[in-house]
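What follows is one structure encoded as structure tokens, with my remarks underneath.
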Amino acid sequence: ERRAALADTTGPGATSDGHKVPLLANVGGPADVPAAVEAGAEGVGLFRTEFLFIDGERAPSEDEQTAAYRQVLEAFPEGRVVVRVLDAGADKPLPFLTADDEPNPALGVRGLRALLAHPDVLDTQLRALARAAEGLPVYLEVMAPMVADRADAKAFAEACRAAGLHAKYGAMVEIPSAALRARAVLQEVEFLSLGTNDLAQYTFAADRQVGAVARLQDPWQPALLDLVALAAEAAKAEGKSCGVCGEAAADPLLACVLTGLGVTSLSMGPSAIPYVRATLAKHTLAQCERAAAAARAADNAADARTAAQAVLSGE
Ligand code: PEP
Ligand code: MG
């Protein structure tokens, strides 16, 4: 029965009443592209470029990067590809960008902070992206990880402009301060993308690599949903888009709730795309909005899920 339900749903992501929610893939490099294409991804919503260089002792050259990026961009002609600049540090150390002696690596010089401390590495990557996209019809977007405030967003936007990049540039919302002041961040960039893995980690002060605090990493936590709603509402007010690219988007029920909160696209591991597409197609936008309100009204993650499920199953 599950197979039949999946076979029925191909094509772009949308609710049953036609509200479009592009379903995009999270990839770590060219090797992940076939699965994304097979799943019918409408593009890439998160290209984790740091995975291409995770074992490297030295910064990759502009030519090496250009070749790797081009392979991913070529796979989605006319599609959308959102590339994240190197997100080094904490769970993803890159020796050429991050120090290994910080007392709290998750709170240290990681993500955009590390790139702003090594502007040559950021500039090389942005130039490589500009070259990789040359002559392709792909719709390139570039975003920065770990943006904390408007000043971070401004520094990133300036680096993109200086590199001559013809792309939309955006900020990931992974730090609560960026969600709380999303409208200010949006004065500098053209879109937001919520990284719910880190956003949960920083909202609950719960290390994503520590199993003992996994309860607090649950993306159904109403406090996390509140922050998602803040960012999505800010983007709507500014006439800009706000996607989700954290693991939360891969849970079909939660994908409906995120849609109801105002999120405009969902990016996930390719294998989840058919399930999210099928579930979304069974519910109207109004149902998703009611499910989102019910989830936010709950006191904990388990009750939020139960409440959303009840709305979506028409109970
Ligand atoms: C996130 O934090 O939710 C995210 C998408 O980025 P990563 O998992 O690569 O840190
Ligand atoms: Mg992250």
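Taking amide hydrogens as placed 1.01 Å from N in the peptide plane, the amide H of Ser241 sits under 5 Å from those of Leu192, each at least 5 positions away in sequence or on another chain.
Sort Val228, Val147, Val210 so the one with the fewest other Cβ atoms within 10 Å of its own Cβ comes first.
On the way: Val228 26, Val147 30, Val210 11.
Taking fewest neighbouring Cβ atoms as first place, the list is Val210, Val228, Val147.
If R0 is taken as 35 Å, the Cβ-Cβ distance between Glu62 and Gln187 corresponds to a FRET efficiency of 0.70. Is the C-alpha gyration tensor of region 205-315 telling us rounded, prolate or oblate? Criteria: a/c under 1.5 is rounded; beyond that, a/b larger than b/c is prolate, otherwise oblate. Since a/c stays below 1.5, the shape of region 205-315 is classed as rounded. Please label the shape of region 141-205 as rounded, prolate or oblate, based on the square roots a ≥ b ≥ c of the eigenvalues of the alpha-carbon gyration tensor (a/c under 1.5 means rounded; beyond that, a/b larger than b/c means prolate, else oblate). Prolate, since a/c reaches 1.5 and a/b exceeds b/c. Projected label points at Thr306 and Lys282, each 7 Å from Cα along the beta carbon direction, are separated by 2.0 nanometres. Peptides 180-186, 212-218 ranked from most to least packed give 180-186, 212-218, packing being the mean of other C-beta atoms within 10 angstrom over each peptide's residues.
If a/c stays under 1.5 just call it rounded; otherwise compare a/b with b/c (prolate if a/b is bigger, oblate if not). Do that for region 96-185, with a ≥ b ≥ c from the square roots of the Cα gyration tensor eigenvalues.
On the way: a/c = 2.37, a/b = 1.37, b/c = 1.73.
Oblate, since a/c reaches 1.5 and b/c is not below a/b.
Would you kindly state how much longer the chain becomes between Glu102 and Ala297 on full extension, computed as 0.36 nm times their sequence separation minus their alpha carbon distance, in nm to one decimal?
Numbers: separation 195, 0.36 × 195 = 70.20 nm, distance 3.89 nm.
So the extension gain works out to 66.3 nm.
Amide H to amide H distances under 5 Å link Leu24 with Glu42, Leu266, Ser267, Met268, where only residues 5 or more positions off or on other chains count and H is placed in the peptide plane. Checked against a 28 Å cut-off, the cross-linked pairs Lys92/Lys282; Lys92/Lys236; Lys236/Lys282; Lys20/Lys154; Lys92/Lys154 give Cα-Cα distances beyond that limit for Lys92/Lys282; Lys92/Lys236; Lys20/Lys154.
Region 129-199 and region 38-103 have Cα centres lying 15 Å from one another. The length gained on full extension between Ser271 and Phe51, counted as 0.36 nm times the residue separation minus their Cα-Cα distance, comes to 77.3 nm.
Run the helix sum for the chain: -39,500 (n - 2.57) per DSSP H stretch of 4+ residues, divided by residue count, reported at 222 nm to the nearest 500 deg cm²/dmol.
Numbers: 14 runs with 135 residues, N = 315.
For the chain, the value works out to -12500 deg cm²/dmol.
Return the distance in nm (one decimal) between the two label points of a simple spin-label model at Arg161 and Arg215, each offset 7 Å from Cα along Cα→Cβ. Spacing of the two 7 Å Cα→Cβ label points: 4.8 nm. Charge tally around Leu23: other residues with Cβ under 12 Å, Lys/Arg +1 each, Asp/Glu -1 each, net +2.
Read-outs throughout are calculated quantities, based only on the coordinates presented, and are distinct from any laboratory measurement. Treat the numbers as computed from the prediction; the structure is a model and nothing was measured. Every residue, glycine among them, receives a Cβ derived from its backbone with ideal geometry; neighbour counts consider all protein chains shown.
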